[in-house]
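The block underneath contains the structure these notes are about, expressed in structure tokens.
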Amino acid sequence: MKHVPIIPASEITPREIYQGRREFIKVAGLGAIAGAAMLSGMSFDAAAAQSPRRKIGKFVKTPYGSDEKLTPYEDITTYNNFYEFGTNKSDPSQYAGSLVTRPWTVNIEGEVKRPKSIAIDDIFKLAPLEERIYRMRCVEGWSMVIPWVGFPLADLIKWAEPTGNAKYIEFITLDNQQMMPGQRSGVLDWPYNEGLRLDEAMHPLTILAVGLYGEVLPNQNGAPLRLVVPWKYGFKGIKSIVKIRFTEKMPVSSWMKAGPSEYGFYSNVNPNVDHPRWSQATERRIGEGLFARRRKTLMFNGYAEQVGQMYAGMDLKKYF
Ligand code: MTE
């Protein structure tokens with residue numbers, strides 16, 4: 001078994017301490033980018049990624065929402081997990097500038113009537129874009145509330161025309177060491193892959209995201225296309241997808257290979273099933289400050305009413 005790289009929640013640098021360090025770097029004025037960033041009001045990390053912020057022309061608001069306070073844009077885009085750019089939370093925003101997202105093609109293969117390739121800009125035409133405000137819960141014990149812009153994965157699945165044998169979908173990230181230098185390390189089995197059961201993939205809450213806060217997805221958040229499944233731990237939300245494969249057998253994800261006893265196929269948020277190395281009962285909401293009380297984690301991340309039925313009768317300790 002490989003070394004398991006996700007570190008216990010208790011050992012993760014709290015956002016505010018890490019933020020403090022960055023403030024220090026900014027104040028110390030280290031480097032031209034930091035200086036320019038200070039002048040423009042941007043953070044050091046956001047400036048370093050050098051991806052201009054672009055508004056998405058048209059999207060609709062939907063009933064899917066949350067009355068919770070949104071996590072600030074700055075936190076969502078500088079506190080990331082994207083191991084293709086390093087394992088520190090600040091690595092993706094600093095280094096994901098090397099990812100080129102145009103041209104970008106997504107290949108659809110496996111149990112489909114005909115394999116297909118689709119250019120990213122044509123994917124945008126498959127369905128109207130919608131804003132979905134979702135609570136996101138990372139397996140490490142922190143959470144955010146993110147206003148995604150995307151469309152139901154179900155729309156792409158219908159367009160892909162899976163055969164009757166398709167029971168699962170596997171998603172695969174770009175495999176390119178030049179654009180994703182973290183793939184030179186052996187921290188995970190590259191390219192990053194993930195999977196869903198077909199009914200989970202077809203569920204109306206499951207989306208493919210192309211943006212957040214009304215703007216095109218920053219590279220560090222998985223541009224140009226990433227999966228968002230709000231009732232599952234964040235690592236199921238695979239970024240920068242280039243391949244979608246329909247299969248008869250359950251796919252084995254990068255995380256399942258890295259730590260089979262720690263990361264299961266389902267990975268539904270469940271406060272009653274602890275990670276073998278830490279409790280999943282509570283979470284820290286990013287942006288609330290160091291001394292805020294931890295929140296109670298909700299079954300299926302609070303989406304039990306919508307998704308619980310898909311797991312009726314299943315032993316969720318066994319199928320974690
Ligand atoms: N996708 C790829 N390709 N590589 C990754 O390392 N990290 C996952 C997931 N998708 C990851 C990925 C993990 S562990 C989490 S918590 C979320 O992305 C984080 O998404 P965010 O940085 O947009 O909050």
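Name the residues whose placed amide hydrogens come within less than 5 Å of the amide hydrogen of ASP189, ignoring near sequence neighbours (fewer than 5 apart) on the same chain.
none
Rounded, prolate or oblate: which one fits region 71-128, using the alpha carbon gyration tensor with axes a ≥ b ≥ c (rounded when a/c is under 1.5, else prolate when a/b beats b/c, else oblate)?
Prolate.
Would you please state which residues of region 191-232 a label at LYS55 would reach in this model, taking the label point 7 Å out along Cα→Cβ and a backbone N cut-off of under 12 Å?
214-216
Skipping prolines and chain starts, which residues have an amide H placed within reach, meaning under 5 Å, of the one on ARG285, given they are 5 or more residues away or on another chain?
Placed amide hydrogens put SER143, ARG295 under 5 Å from ARG285.
Can you work out ³J(HN,Hα) from phi for every residue in region 226-234, in order, using Karplus 6.51 cos²θ - 1.76 cosθ + 1.60 and θ = phi - 60°, giving whole Hz and x for Gly and Pro?
9, 8, 9, 10, x, 8, 10, 4, x
As a quick test, which of the pairs LYS243/LYS296; LYS55/LYS167; LYS125/LYS296; LYS236/LYS296; LYS55/LYS236 have an alpha carbon distance above 32 angstrom in this structure?
From LYS243/LYS296; LYS55/LYS167; LYS125/LYS296; LYS236/LYS296; LYS55/LYS236, over 32 Å: LYS243/LYS296; LYS55/LYS167; LYS125/LYS296.
With a Förster radius of 56 Å, plug the Cβ-Cβ distance of GLU68 and SER117 into 1/(1 + (r/R0)^6) and report the FRET value to the nearest 0.05.
0.90
Any chance you could get the radius of gyration and Dmax over the Cα atoms of region 159-284, in Å?
15.2, 42
At a 10 Å Cβ-Cβ cut-off, how would you order LYS113, LYS89, LYS232, fewest neighbours first?
Ascending number of Cβ neighbours within 10 Å: LYS113, LYS89, LYS232.
Can you tell me how much longer the chain between THR282 and THR87 gets when fully stretched, taken as 0.36 nm per residue apart minus their C-alpha distance, in nm with one decimal?
Gain on stretching THR282 to THR87: 67.9 nm.
Mind listing which chymotrypsin sites (Phe, Trp or Tyr not before Pro) in region 267-304 are in a DSSP loop and have 14 or fewer other Cβ atoms within 10 Å?
Passing both the DSSP loop test and the Cβ count: PHE291.
Just to check I understand the Karplus step: with θ = phi - 60° and J = 6.51 cos²θ - 1.76 cosθ + 1.60, what whole-Hz values come out for region 238-248, glycine and proline as x?
Calculated HN-Hα couplings, in order: 5, 9, 6, 6, 10, 9, 10, 10, 8, 9, 8 Hz.
Can you tell me the Rg and the Dmax, both Å, for the Cα atoms in region 9-311?
For region 9-311, the Cα radius of gyration and maximum Cα-Cα distance read 18.8, 61 Å.
Per-residue counts of other Cβ atoms within 10 Å, averaged by peptide: what ranking do you get for 168-178, 255-265, highest first?
168-178, 255-265
In what sequence do LEU198, LEU188 fall when counting other Cβ within 10 Å, fewest first?
LEU198, LEU188
Please give the charge dipole size of region 9-311, origin at the Cα centre, charges +1 on K and R Cβ atoms and -1 on D and E Cβ atoms. Round to the nearest 20 debye.
The dipole magnitude comes to about 240 debye.
I'd like the distance separating the alpha-carbon centroids of region 233-255 and region 93-141, in whole Å.
The distance from the Cα centre of region 233-255 to that of region 93-141 comes to 12 Å.
In region 9-311, with Lys and Arg counted as +1 and Asp and Glu as -1 at Cβ, which of these residues, TYR303, PRO218, SER117, has the Cα nearest the positive end of the dipole, that is, farthest along it?
PRO218
Mind listing the long-range amide H neighbours of LYS243? Cut-off is under 5 Å, sequence gap 5 or more, other chains count too, H placed in the peptide plane at 1.01 Å from N.
Placed amide hydrogens put ASN107, ILE172 under 5 Å from LYS243.
A short reminder: the numbers here are calculations on the coordinates, not readings from a lab. Quick caveat: nothing in here was measured; it's all calculated off a predicted structure. Cβ atoms come from the backbone with ideal geometry, glycine included; neighbour counts cover every protein chain shown.
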